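The values are calculated or read from the model by the stated rules, or taken from the named source; none is laboratory data. The structure presented is a predicted model; accordingly, all values stated were derived computationally and were not measured. All Cβ positions, even for glycine, are placed from backbone atoms using ideal geometry, and neighbour counts span all protein chains on display.
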Amino acid sequence: MTCAPTQTPDAIDIPALREKYRQERDRRLRHDGQGQFVAAEGDYAEYYEADPYKPVIPREPIRDEIDVAVLGGGFSGLLAAARCRQAGVEALRIIELGGDFGGVWYWNRYPGIQCDNDAYCYMPLLEETGYMPTKRFADGAEIYAHCQRIGRHFDLYDHAIFHTLVEGMRWDEDLKRWRIATNRGDDIKARFVILCGGPTNRPKLPGIPGIHDFKGHKFHSARWDYDYTGGDPTGASGRLDNLHDKRVAIIGTGATGIQLVPWLGKQVKHLTVFQRTPSSVNHRGNTPTDPEWVKTLQPGWQKERQVNFHAGAIGGFAPGQSDLVCDLWTEINRNLQAKMQAAGWPQLSPAEYGAMYEREDYLVMERLRGRVDTIVEDPATAAALKPWYRFMCKRPTSNDEYLQTFNRPNVTLVDVSATQGVERMTADALIANGTAYEADCVIFASGFEVTSDYEKRWGIKRVEGRGGVSLFDMWRRRLQTFHGFSVHGFPNLFVTGYTQVGLSANVTAMLDQHVSHIAWIIGETRARGAVTVEPSRAAMDAWVRIIDETKVDMTQYQRECTPGYYNNEGEAELRSNVGEPYGPGFDAFDGVLAGWRDQGEMAGMMLGR
Ligand code: NDP
C-alpha cells in the first residue's frame, strides 16, 4: 500500500500559534513536576503488585545457580530469552511479575485496547513464528496471544517463573554471580542478568488531594477490575455489563484514555472524562489484513517494512520512496516528501529543512484541530478537545470513535487545565472547577513511571554492583553506559531500553537489536572461557563522550511542550522519555555494534576468569 499526502490548511500564522502553544504550556506547568504523582507502593502497592487476572499459586523459594536471568517477560524479555537460547544458553530463567508472558500486554486488558502502531511492524518475530496479525492495529488480546506464541516457539515456558517480583540484586564478588532476591523468598545466583523492564512497567496514580478519601470503587487502567465492571477478562468482548447503572469517572486522556472512553461511553450510565491536556486524535482506519497482500510478501518483508516505517516516523523519506505504512506516525514526513518533490528536491541547509519540517508539524496539528470541529457538536467541548502543541509533545493517537463519544448525552468532558488537574476527591465525588462530580467508580488512566527515577520505573529497590555501589545512585548523577547496555562496576549486567542507544520508531526492533547484541556478548564471553565481562571505565567514558558530542539537541522542542512524561513533566532537568539517544540514529548505531562485533576483540570490555 502507498498513500497520498493529507490535506492540510493553506495558511497558518506560525508566530501566533507558537505564542498560543507557549500559553497552553505555561498554564499547565506545575512546580512539583514528577513529585505530583502517587507511586504504586506502600498503601498503593496493590496497583502494581496485585494480579486481577490470575491467582498467585504458592511455591517454595528457589535457590539455584543459573547462567542467565532475564528480568521481565514482555517483548524485550521474550526476545532476550529467545536470543540467549539461540546463543546456546541452557540454564536460563525469566523472572516476571505477571502470571504469564506479555508484559504490558499481560497487564493492560482494558476494553478497547489495541496497538497504536502498525502491527506488521510492531509485533516482533512474525516471520520466525509464522504468524500474521489479523488487522492493522491489532487488539491487545491478539498481541498477548502472540507473546505466548513466542514463549512456546522458543520453548521458554519451562524457564519462566511468573508472579515473582525482583526486590533487589547484588553482585557477589566471591561467587562472581548476581544474587537476586524476590518477593517469593528466592535467592537466585545468576552469572549474567539482562534487565528487560520496559518503559511502561509501573503504573502511577494522579496526585489528587483526598485520593484516599474516595469510598467508591477505583482502579488503574493497567489492572482492569473485570470482577467489578463485568465482561471478559481477556478484554476481547469489550463488554462491561456491571457498569450499565454506574456513574464512572476517568482521569487521563493519554493513549489509554483515548482507547477506553468510547467503550465506557457506550456502556456506563454516565461517564465523566477529566481532561488536563487533550491528545491529538487522528483518523484510524483500522483494516483487516488482506490475504492477497499477504500472498505478495517475500522473505524479509517485516524488516523491510520496519525500515520504511522508521523513515516515515523519524528519518524522512528519500525521493520516490513509498510510504508502506501510511498512518498517523508517517504523515509529516509523507507531506514533506510531496512538497520537496514539487520543489524539485532543492538542496536545503539543516536549518532550512528544520524550518520546513516545523511548518509541516504546525500544519498537521492545525488539521487535527480542525478535525475536532467537524466531529464534536458542542463548540465549547470542541474547543476544549483541541491540542495546542507540536506533534511529538504528547503521544499522538488515532481513533474513529473517541471524539464522537462527546456527542453522547451521557458523557461529560470536564476540562481541568485551569487547576492543573482534578482539585480534590471526596468520599463520593471529584471536585473540579468548584463543581462536585459524583461517581461510583473512578478509573485512573494516569500512566506509568516512564521518566521517573530508575528505581521507580523498574520497581527494583536495589541494584548493587562491585563494592555495593548502587546503579541508581550512579545514574542519578548521570546516565553512564558502554554502548547503552553495560556499566563499569556492574559485571555481567546488561540493561535494555532507552539508555544511550540509537533510537528507532520500531520499539520492538530496537529491543531486538539490544538483546541480540547482548546475547552475542554472553556467548563470546563463555566461548572465551571467561566468567565475567564488564566495560572498562575508559570505554564507558568514551561512549558517554560520543553521546554528548553527537547529541541532537531537542531541549528547545521539549521545553516548548506542554508537560507530560515525554519531557519529564517540564521539569528544569529535561529528561526525555527516550533517554540520551545516540545522535546519528538507529541504523548508524547498528553499524557501530556490528563493526564492534566483527572486529572480534571485544574492545573496551574486560574479561575475567
Ligand atoms: P499517559 O501518561 O500518556 O497519560 C496520563 C493521563 O493522566 C494524561 O492525560 C494526564 O494529563 C492525566 N493526569 C495525570 N494526573 C492528572 C491529574 N492530577 N488530574 C487530571 N489528569 C491527570 O498514560 P497512558 O496510559 O495514556 O499512556 C502511557 C503510554 O502507554 C503511552 O504513551 C504509550 O506509550 C503506551 N500505550 C500504548 C498503547 C498502544 O496502543 N501501543 C495504548 C495505550 C498506552 P496530562 O497530559 O495533562 O499530564
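Criterion applied to V261, V273 was being outside any helix (DSSP H, G or I) and buried (at least 23 other Cβ atoms within 10 Å of the Cβ), and the one residue passing it is V273. Out of G447, G497, one residue alone is of a type outside the set (D, E), within 16 Å of the ligand (Cβ to nearest atom), touching a Cys at 6+ places or on another chain (Cβ under 9 Å) and at positive phi. It is G497. Entry remark, segment 125-142: residues being surrounded by fewer than 23 Cβ atoms within 10 Å (Cβ to Cβ) and either of a type in the set (K, R) or assigned to a helix (DSSP H, G or I) (or both) number 8 in total.
For segment 27-72, the tally of residues that are under 18 Å from D225 (Cβ atoms), among the acidic types (D, E) and in a loop (DSSP other than H, G, I, E, B) stands at 1. Screening A351 against (1) touching a helix residue (DSSP H, G or I) at 6+ places or on another chain (Cβ under 9 Å); (2) over 22 Å from F137 (Cβ atoms) leaves a single unmet condition, (1). Only a single item in (1) part of a helix (DSSP H, G or I); (2) closer than 20 Å to V104 by Cβ is not met by T164, and it is number (1). Each residue in segment 461-473 was checked for being part of a loop (DSSP other than H, G, I, E, B) and surrounded by fewer than 22 Cβ atoms within 10 Å (Cβ to Cβ), and 2 pass.
Examine segment 103-124 for a residue that is more than 16 Å from the ligand (Cβ to nearest atom) and either in a helix (DSSP H, G or I) or aliphatic (A, V, I, L, M) (or both), and state whether such a residue exists. No, segment 103-124 has no match at all. Taking into account only those residues within segment 91-108 that are closer than 27 Å to R177 by Cα and without any contact (Cβ under 8 Å) to a residue 60 or more places away in the chain, which is surrounded by the fewest Cβ atoms within 10 Å (Cβ to Cβ)? Here the residue is A91.
With respect to the conditions (1) assigned to a helix (DSSP H, G or I); (2) away from the ligand (no atom under 13 Å from the Cβ), A222 lacks only one, and its number is (2). Remark: pairs (first residue in segment 149-178, farther than 19 Å from R59 by Cα; second residue assigned to a helix (DSSP H, G or I) and of a type in the set (A, V, I, L, M, F, W, C); Cβ separation under 6 Å; 6+ apart in sequence or on different chains) = I150/L78; F154/A82; L156/A81. Residues considered: G185, G197. Of these, the only one that is part of a loop (DSSP other than H, G, I, E, B), modelled with pLDDT of 95 or more and assigned by TED's automatic domain parsing to the domain that holds C147 is G185.
Where residues in segment 514-573 are among the acidic types (D, E) and in contact with a Pro (Cβ under 6 Å, 6 or more places away or on another chain), which of them is farthest from the ligand (Cβ to nearest atom)? So the residue we want is E534. The residues of segment 276-288 that are within 22 Å of L363 (Cβ to Cβ) and assigned to a loop (DSSP other than H, G, I, E, B), listed by number, are T277, P278, S279, S280, H283, R284, G285.
Working carefully through the options K218, K176, find the one that is surrounded by fewer than 23 Cβ atoms within 10 Å (Cβ to Cβ) and either closer than 26 Å to I521 by Cα or polar (S, T, N, Q) (or both).
Testing whether each residue is surrounded by fewer than 23 Cβ atoms within 10 Å (Cβ to Cβ) and either closer than 26 Å to I521 by Cα or polar (S, T, N, Q) (or both) leaves just K176.
Contact map, segment 435-451: residues that are small (G, A, S) paired with residues that are within 11 Å of the ligand (Cβ to nearest atom) and part of a strand (DSSP E or B), Cβ distance under 7 Å, separation 6+ or inter-chain. Pairs shown: A439/A249; A439/L430; A445/I250; A445/I251; S446/K204; S446/L205; S446/I251; G447/K204. When the criteria are applied in full, L413 meets the requirement of being within 28 Å of the chain's Cα centre (by Cα), part of a strand (DSSP E or B) and crowded, with 16+ Cβ neighbours inside 10 Å. Per the listing R457, R476, the residue uniquely of a type in the set (K, R), in contact (Cβ under 8 Å) with a residue 24 or more places away in the chain and either on the phi < 0 side of the Ramachandran plot or assigned to a loop (DSSP other than H, G, I, E, B) (or both) is R457. Taking into account only those residues within segment 386-401 that are touching a Lys or Arg at 6+ places or on another chain (Cβ under 9 Å) and among the hydrophobic types (A, V, I, L, M, F, W, C), which is surrounded by the most Cβ atoms within 10 Å (Cβ to Cβ)? My answer is C393.
Residues that are within 22 Å of T182 (Cβ to Cβ), among the hydroxyl-bearing types (S, T, Y) and part of a helix (DSSP H, G or I) are absent from segment 14-24 altogether. For segment 223-243, indicate whether the set of residues that are buried (at least 20 other Cβ atoms within 10 Å of the Cβ), at pLDDT 95 or above and closer than 30 Å to M392 by Cβ is non-empty. Checking segment 223-243: at least one residue is buried (at least 20 other Cβ atoms within 10 Å of the Cβ), at pLDDT 95 or above and closer than 30 Å to M392 by Cβ.
Residues that are away from the ligand (no atom under 16 Å from the Cβ), farther than 29 Å from T6 by Cβ and touching a Gly at 6+ places or on another chain (Cβ under 6 Å) occur at least once in segment 241-259.
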